[in-house]
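Structure record follows, encoded as structure tokens.
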DNA sequence: ACCCTTTTGACACGCAATGCCATTTGTCGT
DNA sequence: ACGACAAATGGCATTGCGTGTCAAAAGGGT
């Protein structure tokens, strides 16, 4: 498949960029779906076929970060113990975003500007937490963790990520994202038998 | 103020209960604002004056839990070190919900049945995380924590709460909520100098 | 050039949420 | 007990998101 997929990718990217741009300038509720669609010369109906809700136009950027963690984790779990692998994956994601820090800040600002966007973001993180816990607890793994343990580990690591991003955005810490993450991670420790 | 406030409280409670009931039976999107309002013989307009959004009819129940944590924390912080106080507050909230476990399960099920409700819930937890972090980092406190540390502690504790509720709802653990919480809490440890 | 599949646009619709104003319902002073 | 005042409610109109449906357009394979 060539031209068709290409066009779809292009439209999607255009919508994503136009959406971020408009929402960043005018604000979230001041920007209608019709506005974003018009900016890309596409019908509103089409936009909602690419993105289930208006929030997703912004929040899709978060998906990228999640993809990094997912892939990184899958790879690392082959050789590293779960906790180490997860921490490293989260750190890797933050390293990527640190490089496009200016861009990342724009997105985070847009997200924080509106309740329904941040709600959606939080919900996605919750889903990812669940997903990662399921992986760590999977019976297919060499030593599957009990559900409570798996969820605790997963949830805690994402708490570290939140803490990192929050500190970074609030500007109370002026170092790099991975550095802040290391600081946060140095505060909490897992039971040794979890780090099998 | 007597009769007026009373009536308001009653209407609010009625809406809350009718809402939970209908949504539990028919599902979230199958239940309209008009339905819930009609069940209490009130105009839809009025319902939306009591609750900003339809989600809030369900999610208000979560507020109660948050109130417990808030109050408990404020009290305990007077005498206990921050981490200990926060952990105890979270545990206290879970103990309360454990007593109305049947009811609590209904609510959690309703929340999990729909994306926009769980999104709203997650966002509220995120806000509470932020709020608690602000308290722990407040310059008014005897030994205020740095922002990263405060946020990490706060976020981690709520991760434990999530893990507890998740394990409990998924039925993989058949003990009480506080017991599960203890298990989760026993897995993570904070740096000693944080537990000042 | 042809047919077949996918994508898009246009229209209609339901419902949540908000603003506005008239009406009702408590509250308080006299 | 009555009337003035404030608060709560209902009804109405409006906007905007999201969905279903179908016809038109664009892409791909022969």
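Restricting to segment A:1-37, what's the tally of residues that are in a helix (DSSP H, G or I), away from DNA strand C (no atom under 13 Å from the Cβ) and surrounded by 11 or more Cβ atoms within 10 Å (Cβ to Cβ)? Even if it seems obvious, please write down each step before you answer.
Initially, segment A:1-37 is screened for residues in a helix (DSSP H, G or I), giving A:3-26, A:33-37.
From what is left, the residues that are away from DNA strand C (no atom under 13 Å from the Cβ) are A:16-26, A:35.
Next, from what is left, pick out any that are surrounded by 11 or more Cβ atoms within 10 Å (Cβ to Cβ): A:16-24, A:26, A:35.
Qualifying residue count for the region: 11.
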>> If a residue must be crowded, with 17+ Cβ neighbours inside 10 Å and free of Cβ contacts under 8 Å to residues at least 24 places away in the same chain, how many such residues does segment A:55-69 contain?
In response: 0
>> Looking at B:164, B:183 in this structure, which one is in a helix (DSSP H, G or I), under 18 Å from residue A:156 (Cβ atoms) and in contact (Cβ under 8 Å) with a residue 60 or more places away in the chain?
In response: B:164
> Got a sec? Which of A:127, A:192, A:108 is without any contact (Cβ under 8 Å) to a residue 40 or more places away in the chain, within 16 Å of the chain's Cα centre (by Cα) and either within 13 Å of chain B (Cβ to nearest Cβ) or more than 17 Å from residue A:76 (Cβ to Cβ) (or both)?
Replying inline: A:127
> Inside segment A:38-54, can you point out the residues that are more than 6 Å from DNA strand D (Cβ to nearest atom), under 22 Å from residue A:118 (Cα atoms) and part of a helix (DSSP H, G or I)?
Replying inline: A:47, A:49, A:50
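Name the one entry in B:177, B:160 that is under 18 Å from the mean Cα position of the chain (by Cα) and more than 9 Å from every other protein chain (Cβ to nearest Cβ). Step through it out loud before you land on a result.
Numbers: B:160 fails: more than 9 Å from every other protein chain (Cβ to nearest Cβ).
Just a single option satisfies the conditions, and that option is B:177.
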> So how many residues does segment A:112-124 have that are buried (at least 16 other Cβ atoms within 10 Å of the Cβ) and more than 9 Å from chain B (Cβ to nearest Cβ)?
Replying inline: 2
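If I ask for residues that are surrounded by 15 or more Cβ atoms within 10 Å (Cβ to Cβ) and not in a loop (DSSP other than H, G, I, E, B), which ones from segment A:132-142 would you list? Let's see the steps before the verdict.
Within segment A:132-142, the first condition is being surrounded by 15 or more Cβ atoms within 10 Å (Cβ to Cβ), and the residues that meet it are A:132-133, A:135-137.
Residues satisfying the conditions are A:132, A:133, A:135, A:136.
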>> Quick test of your reading of the structure: residue A:145 fulfils all but one of (1) within 26 Å of residue A:27 (Cα to Cα); (2) crowded, with 21+ Cβ neighbours inside 10 Å; (3) touching a residue at least 60 places away in the same chain (Cβ under 8 Å). Name the failing condition by number.
In response: (1)
> Only one of (1) within 16 Å of DNA strand D (Cβ to nearest atom); (2) touching a residue at least 12 places away in the same chain (Cβ under 8 Å); (3) within 14 Å of chain A (Cβ to nearest Cβ) fails for residue B:12. Which number is that?
Replying inline: (3)
> Looking at B:85, B:95, B:90, B:150, which is the one that is away from chain A (no Cβ under 14 Å) and buried (at least 18 other Cβ atoms within 10 Å of the Cβ)?
Replying inline: B:85
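Can you report the number of residues in segment B:61-82 which are in contact with a helix residue (DSSP H, G or I) (Cβ under 6 Å, 6 or more places away or on another chain) and part of a helix (DSSP H, G or I)? Spell out the reasoning first.
Quick first cut of segment B:61-82, residues in contact with a helix residue (DSSP H, G or I) (Cβ under 6 Å, 6 or more places away or on another chain) only: B:61-62, B:65-66, B:68-69, B:72-73, B:76-77, B:82.
Those left that are additionally part of a helix (DSSP H, G or I): B:61-62, B:65-66, B:68-69, B:72-73, B:76, B:82.
Adding up the residues that qualify gives 10.
Here, each number is a calculation from the coordinates, and none is a lab measurement. Bear in mind that the values here come from a model prediction, so they are computed numbers and not experimental data. Backbone-built Cβ (ideal geometry, glycine too); neighbour counts: all protein chains shown.
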